[in-house]
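Okay, structure first, notes after.
The values are calculated or read from the model by the stated rules, or taken from the named source; none is laboratory data. This structure is a prediction, so every number in the text was calculated from the model and none was measured. Virtual Cβ from ideal backbone geometry, glycine too; neighbours counted across all protein chains shown. The accessibility values were calculated without ligands, DNA or RNA, using every heavy atom of the protein model including side chains. Shrake-Rupley method; radii C 1.70, N 1.55, O 1.52, S 1.80 Å.
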Amino acid sequence: MSSAPPATPNGGYGPSGGEPSHEPYHHPTAGWGAAKSVGKVLAKAKEPVNSARIMTTMNHPDRGFDCPGCAWPDDQHGLTLDLCENGIKHSTWEMTPKRAGAEFFARHTVTELAAWPDHDLEDQGRLVGPLAYDAGTDTYVPVSWETAFGIVGETLRGLDSPDRALFYTSGRLSNEATFLYQLFAREFGTNNLPDCSNMCHEASGRALTAALGTGKGTVDLNDLDQADALFVMGVNAASNVPRMITTLARAYDRGAQIVHINPLVEAAAGRTIVPHDFAAMATFKATRTGTLNLQPRIGGDLALLRGIAKHVLERAERDPKAVDREFLDRFTEGFEAYRDLCAGTEWADLEAASGLSRDAMEQAAEVYLGSARTVISWCLGITQQEHGVDTVREIVNLLLLRGNVGREGAGPCPIRGHSNVQGNRTCGIDHRPKKEFLDRLAEACGIDPPREPGLDTVRGIEAMHAGEATVFVGMGGNFVRAAPDPVYTEEALRNCELTVQVSTKLNRSHLVHGRRALILPCLGRTEKDLQEGGPQAVSVEDSMSMVHLSRGMKRPASSHLLSEPAIIARMARAVLPDSATPWEEYTGDYDRIRDTMQRALDGFEDFNRRVRGPHGFRLRQPARERIFLTASGRAEFSLAALPDPSPGVGLLTLATVRSHDQWNTTIYSSDDRYRGVRNLRTLVFLNADDMRERGLADMDLVDITSVARDGSRRSVHGYRAVPYDLPRGCAVGYMPELNVLCAIGDFSPQSDQPLMKHLAVEVRRQQI
Ligand SMILES: Nc1nc2c(c(=O)[nH]1)N[C@H]1C(S)=C(S)[C@@H](COP(=O)(O)OP(=O)(O)OC[C@H]3O[C@@H](n4cnc5c(=O)[nH]c(N)nc54)[C@H](O)[C@@H]3O)O[C@H]1N2
Ligand SMILES: Nc1nc2c(c(=O)[nH]1)N[C@H]1C(S)=C(S)[C@@H](COP(=O)(O)OP(=O)(O)OC[C@H]3O[C@@H](n4cnc5c(=O)[nH]c(N)nc54)[C@H](O)[C@@H]3O)O[C@H]1N2
Ligand SMILES: [Mo]
């Protein structure tokens, strides 16, 4: 089977125009380049005054809103300007003065809008009132909130089973809205709660739960400030977690080792000008943010980690202090078997599987051996892999060897993506909820939740495609663009009886809709949320388990917008008219939601008081205290087989990544500053030898074809080949353009995550 995307793939993605070019980037990260880029975005948003105000309130310890840019924790060193270029861009994007109102939708049919690039859709500005699709005119028309909720209520009540509905969550939903949303879905009768984490960090959660008993990292910012060695794996920190760069610069300054592990040498591995260090800005003083770079092949990390462990264990034969024997004996399970596994693995096999020399692996091992306190951090380069769960477990194996779990300055540190994706899971977005969670929810809320596991993102798409699920509710996000296999996913959504998107801006997912469709516009994170009980604040949980309040301060984009908790509560009331849940009370005062949450959720005792402290509070992470809630009561080693990362003869392994100027499916510009690219998103980075072998010169046009597990092929045409410093056999290009290449059936059996960083592809000169 060969499925090609439509000739113009849905109107395209980024803004068009400008001559494509690329050249290597030699400057430090952040600093004046970032300041200039922020200036451009603010000028374009025409919001310089308000934007200056957000900068002084964003991530502020006792007022202001939490930056929706990423989940990196707020600095607690009293920085008054704890923000970054991309966070400012992201917030400003929401604060645009542009509006997409009724006249706009009257003027453009959905068919017409579908031919626009994604950038232009979002660029219409904020949505201002609820809309329903009118098939007669092929347009979205304004409706009252009552009518909109009426349609939701009538359709959901008409289903022959609650499991025919899917309730998707994108990771910026607040804890309070999250709690109401899952309560609504479960009271209605389904655990069909797919979320963006099914495509993001599912592997981390599963691996950490299996190894340490709790699915989160154990470190906080103070630990990072005390570590002697930091391993930074599979993340483009300078673009996607920019505030982490400040931590790295601080670590370098105090003499810590910083090892970057990435097939690409990303900008974070170089130097930075710390943006809130005014002296550094004024004098162009750059600080290094890396001390060693290792470039494994894509999917080669597990072998690399095992190589490091093997070297540590070989050293331990001569020098027992190389491992923490006391910790291993007291707190872990399976050490001997792991030691034997490492001893029985040949260096030659580790070299082949990692794409690194024994020397390079030993160099990293020496850094690890020389460090009394080590943190290993990671993001999507590790998780969106076939062996993502095994690899995260190997990270834990390595940490356990030297007792680097549950003490200061050490531990595993998954870097989450969306600003509240961790909080979503904590507060109940889980298609496989634990029995204890459901029991407590039942008790606290007086409901009888379903016990059968629900559908995740991939299974949800398949169910819609098969006509088994017929209602899709998207609480934020841009599902059709974020999901794998867009051709298949679009068919799935078009199959639905009703699609409902709760959004701030127009996006592709509104244009690929069911027989009936609703767009429900909501307040953004930066906006004042005024309810009966006065102005409301919501809470979020960052990557390091800190729960704190976020309070918008801007006038809402329109007086017709509702808050997310209000939208959820009113949907719930429309679907469940006789529900005993006090939905109206919850909406009137979010303290009432928090009162219920503290009864239903672990670790939220005294929620309303504690969350109002300057930095909020830290959720207890038992593994941090060396309490391991596993079956054995100990931290467990894993014994994974070495993966064969080779994609097959003539094929390359392709990873899809973000550019510097995008936020997931939102594309601000077609530049990728730190990779030296301008005006180009339809590209593929290749090793120069792989290019030569294919007779390709710099910027030649190529076709990229993926080969799925089931043998089916998917292609994109006319991409530019760009030589880049990455290992042979590897290729890298941008999401969401290349999602076309990711077959729906190609997900990891360990995590159920689509293989967004592990596609087998053929790259050849464009066939005309
Ligand atoms: N500005 C901005 N910030 C964001 C986002 C955004 O789009 N824009 N998205 C947010 C979200 S939801 C998330 S999840 C995070 C994502 O943050 P990242 O994980 O940084 O996201 P990607 O751009 O996909 O980059 C993945 C990195 O993994 C590397 N990589 C690919 N394959 C491998 C491999 O096999 N091994 C190793 N070691 N590395 C590999 C790539 O070279 C790249 O550097 O960022 C969050 N923050
Ligand atoms: N090929 C490939 N695909 C990927 C990935 C990859 O690396 N490669 N990464 C995956 C990952 S890590 C993730 S997290 C997903 C992201 O998937 P999603 O979370 O579904 O997508 P986003 O692009 O973050 O969502 C953007 C939309 O959210 C809406 N929005 C913004 N703010 C708000 C708000 O406050 N409330 C509400 N209700 N809506 C709001 C806006 O309308 C905007 O258009 O994509 C995944 N897809
Ligand atoms: Mo993510």
**OP:** For the stretch 481-532 and the stretch 243-264, write down the distance between their C-alpha centroids in whole Å.
**Re:** 38 Å
Original post:
What's the FRET efficiency of Thr109 with Glu154 using the Cβ-Cβ distance as r and R₀ = 25 Å, to the nearest 0.05?
Top reply: 0.45
Subject >> Val716 - accessible surface, heavy atoms, 1.4 Å probe, Å² rounded to 10 >> reply: 10 Å²
Original post:
Please state the relative contact order of the chain as a whole percent: Cα pairs under 8 Å, 6+ residues apart?
Top reply: 21 percent
Subject >> Interatomic Cα distance distribution for the stretch 202-414, bins of 10 angstrom, percent >> reply: 9, 36, 38, 14, 3, 0
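Using the reciprocal of the averaged 1/r over all distinct C-alpha pairs, how large is the Kirkwood radius of the chain in Å?
Numbers: mean 1/r = 0.0379 Å⁻¹.
Averaging 1/r across every pair of different Cα atoms and inverting gives 26.4 Å.
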**OP:** For Asp359 and Ala102, compute 0.36 nm times the residue count separating them, minus their Cα-Cα distance, and round to one decimal in nm.
**Re:** 86.1 nm
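Which FRET efficiency value, to the nearest 0.05, do you get for Val649 and Arg764 by plugging their Cβ-Cβ distance into 1/(1 + (r/R0)^6) with R0 = 22 Å?
Working: r = 14 Å, r/R0 = 0.64.
Efficiency, rounded to the nearest 0.05: 0.95.
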Subject >> Gain on full stretching of the segment that runs from Ile627 to Glu585 - 0.36 nm per residue minus C-alpha separation >> reply: 11.3 nm
Original post:
Can you tell me the accessible area per residue over the stretch 380-429, all protein chains present, probe 1.4 angstrom, in square angstrom?
Top reply: 15 Å²
**OP:** Return the carbon/sulfur percentage of the accessible area of the stretch 726-767, one whole number, probe 1.4 Å, all protein chains in place.
**Re:** 49 percent
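Rg(Cα) of the stretch 169-299 divided by 2.2 N^0.38 Å? Let's see the in-between values first.
On the way: Rg = 18.9 Å, N = 131, 2.2 N^0.38 = 14.0 Å.
Working it through for the stretch 169-299, the quotient is 1.35.
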Subject >> Label zone at Asp138 (point 7 Å along Cα-to-Cβ), backbone N below 18 Å, the stretch 471-513 >> reply: 491, 494-495, 508-513
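Which percentage, to the nearest 5, of the DSSP beta bridges contained in the chain is antiparallel?
Numbers: 39 of 92 bridges.
Close to 40 percent.
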Original post:
Given Cys496, Met597, Ser550, which one lies farthest toward the positive end of the charge dipole of the chain, if we put +1 on the Cβ of every Lys and Arg and -1 on the Cβ of every Asp and Glu?
Top reply: Ser550
Original post:
According to the Kirkwood expression over distinct Cα-Cα pairs, how big is the hydrodynamic radius of the stretch 106-185, in Å?
Top reply: 15.5 Å
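If the only charges are +1 at each Lys and Arg Cβ and -1 at each Asp and Glu Cβ, what is the size of the charge dipole of the stretch 609-735 around the Cα centre, to the nearest 20 debye? Please report the intermediate quantities before stating the final value.
Values: 20 positive and 14 negative charges, 235 e Å.
Dipole magnitude for the stretch 609-735 comes out near 1140 debye.
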Original post:
Excluding ligands, DNA and RNA, what is the solvent-accessible area per residue of the stretch 639-687 at a probe of 1.4 Å, expressed in Å²?
Top reply: 30 Å²
Original post:
Counting only protein heavy atoms and using a 1.4 Å probe, what share of the accessible area of the stretch 202-414 belongs to carbon plus sulfur, as a whole percent?
Top reply: 49 percent
Original post:
Relative contact order for the stretch 202-414 using alpha-carbon pairs under 8 Å, separation at least 6, rounded to a whole percent?
Top reply: 32 percent
Original post:
Trp72 accessible area, nearest 10 Å², 1.4 Å probe?
Top reply: 10 Å²
Subject >> Distance violations [Cα-Cα > 23 Å] among Lys216/Lys434; Lys36/Lys554; Lys36/Lys757; Lys216/Lys528 >> reply: Lys36/Lys554; Lys36/Lys757; Lys216/Lys528
